[in-house]
1. Starting from residues that are in contact with a strand residue (DSSP E or B) (Cβ under 9 Å, 6 or more places away or on another chain) and outside any loop (DSSP other than H, G, I, E, B), keep the ones in segment 88-107 and report whichever is surrounded by the fewest Cβ atoms within 10 Å (Cβ to Cβ).
2. For segment 108-123, does any single residue satisfy the condition of being at pLDDT below 90, in a helix (DSSP H, G or I), under 21 Å from residue 60 (Cβ atoms) and in the same structural domain as residue 31 (by TED's automatic domain parsing)?
3. Would you be able to say whether some residue in segment 47-55 is crowded, with 20+ Cβ neighbours inside 10 Å, in a helix (DSSP H, G or I), in contact with a strand residue (DSSP E or B) (Cβ under 8 Å, 6 or more places away or on another chain) and at pLDDT 90 or above?
4. So if I check each of 77, 33, which one is touching a helix residue (DSSP H, G or I) at 6+ places or on another chain (Cβ under 6 Å) and surrounded by 14 or more Cβ atoms within 10 Å (Cβ to Cβ)?
5. Can you find a residue that is part of a helix (DSSP H, G or I) and within 30 Å of residue 126 (Cβ to Cβ) anywhere in segment 215-229?
6. Can you tell which of 226, 209 is touching a residue at least 12 places away in the same chain (Cβ under 8 Å) and either surrounded by fewer than 18 Cβ atoms within 10 Å (Cβ to Cβ) or more than 26 Å from the chain's Cα centre (by Cα) (or both)?
7. For residues that are under 23 Å from the mean Cα position of the chain (by Cα) and surrounded by fewer than 16 Cβ atoms within 10 Å (Cβ to Cβ), scanning just segment 176-203, find the one that is nearest to residue 141 (Cα to Cα).
8. Need at least 3 residues that are at pLDDT 95 or above and touching a strand residue (DSSP E or B) at 6+ places or on another chain (Cβ under 8 Å) per element, so show me which helices (runs of 4 or more DSSP H) inside segment 129-210 make the cut, counting only ones lying wholly within it.
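The values are calculated or read from the model by the stated rules, or taken from the named source; none is laboratory data. Worth saying up front: this structure is predicted, and the values here are computed from it rather than measured. No Cβ is skipped: glycine too gets one built from the backbone with ideal geometry, and neighbour counts run over all protein chains shown.
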């Protein structure tokens, strides 16, 4: 299976952000790049360009793990209404920060696919911008979901203390233990659950999935490649602007 097409836009100065020249629907542009790299601004420009070409209005789907939460605007770099320039944005402000259910990669992928179907049904063009590496990877390559949840087993595992959970994870799946932070109880429990239900480490399930080489064919990956000399001033300027906009109050509030 052919790999997903990749367009790399090299950015050499802080005021230059060239448009890609080979974006044509029905492929879905997936725009990635460093923090403060202008991903959302480029996505908006691409959306407007599609409209000007008579190809349908572009609509942006956020692939950011934190922009889904209401009230987390400044710190997440969420596009303001002015920055959105009238372009519809999806998967912003859909959850409260204290929502008891974890917002998983699988949940994001489900909502993203639903948004894509909705956008296309109206003759418009979905554009994904992010963000969170696992979201982008799951969109382009799919994801291993594993066996369904065993709530009784999960409840039992939640009753164990963190050191005991960590010890079991390191014993049954040392590879996963290298990737999962000791304080990440949700992922730790899931990895142990998968092993107990299947007898196969979750890391091996994931490796098998990766080796299968599934690649989405209706997408094009657009990468913003900034030089350090160009991106560092932008990052510094963003941090300063965040503080001035009230980031500290947002965190406290």
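1. 95
2. Of all residues in segment 108-123, those at pLDDT below 90 come to none.
No, that holds for no residue.
3. yes
4. Numbers: 77 fails: touching a helix residue (DSSP H, G or I) at 6+ places or on another chain (Cβ under 6 Å).
Matching residue, one of 77, 33: 33.
5. Scanning segment 215-229 turns up no residue that is part of a helix (DSSP H, G or I) and within 30 Å of residue 126 (Cβ to Cβ).
6. On the way: 226 fails: either surrounded by fewer than 18 Cβ atoms within 10 Å (Cβ to Cβ) or more than 26 Å from the chain's Cα centre (by Cα) (or both).
Unique residue meeting the criteria: 209.
7. That would be 179.
8. In segment 129-210, no matching helices (runs of 4 or more DSSP H) lie anywhere.
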